[in-house]
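Notes to accompany the following structure.
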Amino acid sequence: MVDSEPRGAGVTQSPAPTPVADGAESVLSRSYRGLSIGIVSVVLLIAFEAMAVGTAMPVAARELDGISVYGFAFSAYFTTSLFGMVLSGQWADRRGPLGPLTAGIGAFAAGLVLSGTAGAMWLFVLGRAVQGLGGGLVIVALYVVVGRAYPERLRPSIMAAFAASWVIPSVVGPLASGAVTEQLGWRWVFLGIPALVVLPLALALPQIRRRASGPVTPSPSPSPSPSSSSSPPSSASAPAPSFDRRRIRLAFGISLGAGLLQYAAQDLSWWSLVPAAAGAGLLVPAVSGLLPKGTYRAVRGLPSVVLLRGVAAGSFVAAESFVPLMLVTQRGLSPTLAGFSLAAGGGTWALGSWVQARARVEPYRERLMTVGMVLVAMAITTLPGVLVDSVPVWIVAVVWAFGCFGMGLVISSTSVLLLQLSAPEEAGTNSAALQISDGLTNALLLAAGGAAFAALGGGAVGHTATTTAAATSHPAAFVAVFLPMAGVALVGAWVTTRLRKPVVIG
């Protein structure tokens, strides 16, 4: 049975509210309502961007003559987000999460504007890279806010709220994006989203300044106080420690290394072995220094939690990124319908996250995560069947809904376990490690999938005067993306058996 006490130790906790009040509070109680609405609004913005931009991406890549590097437009986001994650973790642990959150939202908006005004594919990719830097800053800062401002009892619920915030964008985003793309052009999808930045800033930042600003105060005590499971850590004023320059250098190395590997994967020539070797030379020591020791050996506990996050997110995102392109180029769907085929997944993802937040399922969390990864693997395995004309296209919506339900079980649970296993003054660093695993695996698997896609003729996509591309890509190019990602998801199912250290009795 899962312990109710957090694993982090050595942190002075703030005085708990009265037991009656604490037991009655929820994430929408008066003391948490403003903060909850604010940070969920930030996630809502990110969700709307992901769904809307994903729908417009095939048209943008075709117009900018960039189908052959389609995967790179996605992976560039994840590459720069790696540096942003480490920077945000350092920044939040030492100065509080307010600074990285504000800077991240600003960079996120600037990247959207750059992509929306791009006249060439390399400028479009550059905009995605700037956007990724902002996204990396934001996501880690949000985790630190949750770890500091909410008691452990409420953290599964706020993670479920994060997942629920994807429901409306998953339904409205593809439809709105497809309509805008077809009627006004894909550029307006990118240029319109920055206007949504104002609302999250106005709602979230004042509450974060009040409840979670500044560094936490370490305590010499070797164990957490009895009230630690019901009260957030103190962010009392203390001298802000300097940034760990070694980790910043490693963060730059991991981003540069991932970028070189992605470039090599897109080039597919003998010359590409040079940047591939340089990228691997930078990446290996950087990953070793930034992730918990034993992560890629699936050592029980925190290392396996971090590994699972990467395996789950990487396999899912790499597969999902090619679904709209497959439906547009192979089955002749419009961008609107192609994006809308993934819409139901937002609701089922939220449902899976809601299930993991129920107190009664806490003892079975790891088993639920195993089921979730099996569902993801099954969903990805089914996707290539749609390449057969006799298979109805709506199958994609059905199987992806099940895969998203599995992701809701897994992703929110990894976030909960991460905070349980982290001392509050290490929440930023460990949250950065979780997100690095997520982002790095996304980038590497997207690069691998993009290389396989291009090698088998996936880049040979023509276009007509209409918004629908002619299907000249070989169907095997899509199979080469989906089936390996299903295998990676099955590896994730095994990792779910190693999330807890065995309890020694005696």
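The values are calculated or read from the model by the stated rules, or taken from the named source; none is laboratory data. None of the values given here were measured: they were computed from a predicted structure. Positions of Cβ are generated from backbone atoms using ideal geometry, with glycine treated the same way; all protein chains shown enter the neighbour counts. Accessible surface is based on the protein model in full, side chains and every heavy atom, while ligands, DNA and RNA are left aside. Shrake-Rupley method; radii C 1.70, N 1.55, O 1.52, S 1.80 Å.
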Do we have any residue at all in the range 77-98 that's open to solvent by less than 10 Å² (accessible area, probe 1.4 Å), at pLDDT 85 or above, under 30 Å from GLN183 (Cβ atoms) and under 15 Å from the mean Cα position of the chain (by Cα)? no
With respect to the numbered conditions (1) modelled with pLDDT under 75; (2) among the hydrophobic types (A, V, I, L, M, F, W, C); (3) open to solvent by 20 Å² or more (accessible area, probe 1.4 Å), which one is the sole condition not fulfilled by ALA103? (1)
Does MET373 satisfy the criteria of being open to solvent by 10 Å² or more (accessible area, probe 1.4 Å) and within 14 Å of MET485 (Cβ to Cβ)? no
Any residue in the range 110-118 that is among the β-branched types (Val, Ile, Thr), modelled with pLDDT under 85 and surrounded by fewer than 24 Cβ atoms within 10 Å (Cβ to Cβ)? no
State all residues of the range 109-140 that are within 30 Å of ASN430 (Cα to Cα) and hydrophobic (A, V, I, L, M, F, W, C); if no residue qualifies, say none. ALA109, ALA110, LEU112, VAL125, LEU126, ALA129, VAL130, LEU133, LEU137, VAL138, ILE139, VAL140
Starting from the range 486-498, keep only residues that are open to solvent by 10 Å² or more (accessible area, probe 1.4 Å), then list their pairs with residues that are of a type in the set (Gly, Ala, Ser) and in a helix (DSSP H, G or I) whose Cβ atoms are within a distance under 7 Å, requiring at least 6 positions of separation or different chains. VAL488/GLY314; VAL488/SER315; LEU490/ALA377; ALA493/ALA377; ARG498/SER304
Under 30 Å from LEU456 (Cα atoms) and either open to solvent by 10 Å² or more (accessible area, probe 1.4 Å) or touching a helix residue (DSSP H, G or I) at 6+ places or on another chain (Cβ under 8 Å) (or both): does that describe LEU45? no
Considering only the range 55-66, state which residues are surrounded by fewer than 23 Cβ atoms within 10 Å (Cβ to Cβ) and in a helix (DSSP H, G or I). ARG62, GLU63
Would you confirm, using the coordinates I've provided, whether ALA359 is over 29 Å from TRP91 (Cβ atoms) and either modelled with pLDDT of 85 or more or surrounded by fewer than 24 Cβ atoms within 10 Å (Cβ to Cβ) (or both)? yes
Can you confirm whether the range 430-438 contains a residue that is farther than 27 Å from PHE72 by Cα and within 17 Å of the chain's Cα centre (by Cα)? yes
All-but-one check, ALA401 against (1) of a type in the set (Gly, Ala, Ser); (2) open to solvent by less than 40 Å² (accessible area, probe 1.4 Å); (3) out of contact with any helix residue (DSSP H, G or I) (no Cβ under 6 Å at 6 or more places or on another chain), failing number (3)
Options MET85, MET121: the member that is closer than 21 Å to GLY310 by Cα and touching a residue at least 12 places away in the same chain (Cβ under 8 Å): MET85
Taking the condition of being touching a helix residue (DSSP H, G or I) at 6+ places or on another chain (Cβ under 8 Å) and not in a helix (DSSP H, G or I), how many residues in the range 105-162 meet it? 4
Kindly state which helices (runs of 4 or more DSSP H) lie completely within the range 315-359 and contain at least 1 residues that are farther than 19 Å from PRO169 by Cα and among the aliphatic types (A, V, I, L, M). 323-330, 344-356
